[in-house]
Amino acid sequence: MKTYTLAALLASVALPGMAMAEELEVTHWWTSGGEAAAVAEFAKAFDATGNKWVDGAIAGGGDTARPVMISRITGGDPMGATQFNHGQQALELVEAGLMLDLTEIAERDHWRDFIYPPSLLDSCTVDGRIYCVPVNIHSPEWLWLSNKAYADAGIPVPTNWSEFVASAPALEAAGKLPLALGNQPWQSNLAFGAIAVAIGGLDLWKSINIDKNMEAAAGPEMLKVFEAAAEARALAANSTVQDWNQATNLVLTGEAGGQIMGDWAQGEFSIAGKVAGVDYTCLPGLGVNEYISTGGDAFYFPKLDDPAKEAAQLELASVMISQQAQVAFNLKKGSLPIRGDIDLSAANDCMKKGLEILAAGNVVPSGDQVWSPDTQTQVEDLMVEFFKSPDMTPADAQARWVEILSANI
Ligand code: BGC
């Protein structure tokens, strides 16, 4: 008599649409306290479907994680799902046919009707097909300030970038570091980008980054941006920490006055029990030009050539975009949800500011959405050098920056 294993029996009774439990490894670079708490919400929601999230966190930040992810996918060892930033980071992988096409479920579940702004879905679309799920909007254009540091120094919390610069001597006299800046290369680049939108303003930013106007890039308004970046360099001269969350921690404990960082810093404040407006202050657009960029994170699903795993991948995509997971994940992550049809009444004051800016449409695309990964890396290298070289003049840095951009348009 023929005998059947339990697994074979179960497989034989599985109905179409009734997915079997599958393990999926999910890679990402969310390793700080706030990030880990946020990603755990996705894991919980996926596990609730009967499947199993196998966490593949990669330490060291995106610059370290992305090459590992890419080489695993191109080298024949793909994971079940992986984070990238919105934009062009995974474009070559998609073009090489290595990523699962999500168009069918995107159409079935009407993603285009609720994903906002639509540019998020456009960033997932290659030749009319959809290859990723945007999961949040993260903007880097924020100045995070420690209310304690300013109370200790006996001066009011600044309300904009020039007040922040002017407050530095009082902070230093009180033994504080004015500006916390970590040494991971992307952090200098992030600071420069935030200063560019805040000091240069939206029109200049768009003309250079979208219209690729190199005269504007080389012009006097942009020089002012480089001069402000040189001020930031001086304020951060004694900052020795490495990771972004270590720099956030200096603000959190009142050892530093401020940090220019993405709104993911909120995850650290909230896990430490700090309250926006009481313990810390956030200034979008550095308190000068209140614009945020619509960068953030998206998940891609490498092709696994296994129908059962593929069903689980599609299920994970649906979970990530669901209303429940969007609320739970984004509240912990400090990011804005990618859909407008959910209840975010639990958002803190800073997140509410972000939501207002988004609703007013004061948004710019992220660098990843308008420049190739290669250009981004070259600019990042220049910014690291600039922030580490007090002798490099703003005009010299500007000239080199224009050279990089001009060679890549
Ligand atoms: C991601 C954020 C993340 C941050 C720091 C960014 O590239 O978009 O989700 O929190 O890196 O790790």
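Take 24-33, 41-50, 232-241 and order them by the average number of nearby Cβ atoms within 10 Å per residue, most first; the result is 24-33, 232-241, 41-50.
Placing +1 on the Cβ of every Lys and Arg and -1 on the Cβ of every Asp and Glu, with nothing else charged, gives the chain a dipole about its Cα centre of roughly 620 debye. The alpha-carbon positions of the range 329-378 define a convex hull whose volume is 111 Å³ per residue. Farthest towards the positive end of the charge dipole of the chain, among the residues GLY193, GLN376, THR82, is the Cα of THR82, using unit charges on the Cβ of Lys, Arg, Asp and Glu. Exceedance of the 27 Å cut-off in Cα-Cα distance is limited, within the set LYS206/LYS332; LYS52/LYS303; LYS52/LYS352; LYS176/LYS352; LYS274/LYS353, to LYS206/LYS332; LYS52/LYS352; LYS176/LYS352. About its Cα centre, the dipole of the range 117-178 is roughly 140 debye, where the only charges are +1 on Lys and Arg Cβ and -1 on Asp and Glu Cβ.
The alpha carbon centroids of the range 35-104 and the range 146-176 are separated by 40 Å. Going from the fewest other Cβ atoms within 10 Å to the most, the residues SER167, SER372 appear in the order SER372, SER167. Per-residue extension of 0.36 nm, minus the Cα-Cα distance of MET20 and GLU255, leaves a gain of 79.5 nm for this segment.
The range 331-377 and the range 184-253 have Cα centres spaced 18 Å apart. Applying 1/(1 + (r/R0)^6) with r as the Cβ-Cβ distance of GLU385 and LYS224 and R0 = 25 angstrom yields a FRET efficiency of 0.75.
Since every read-out is calculated from the coordinates, none of them should be taken as a lab result. As the structure is a computational prediction, the values presented were derived from the model and not from experiment. We place every Cβ from the backbone using ideal geometry, glycine too, and count neighbours over all the protein chains shown.
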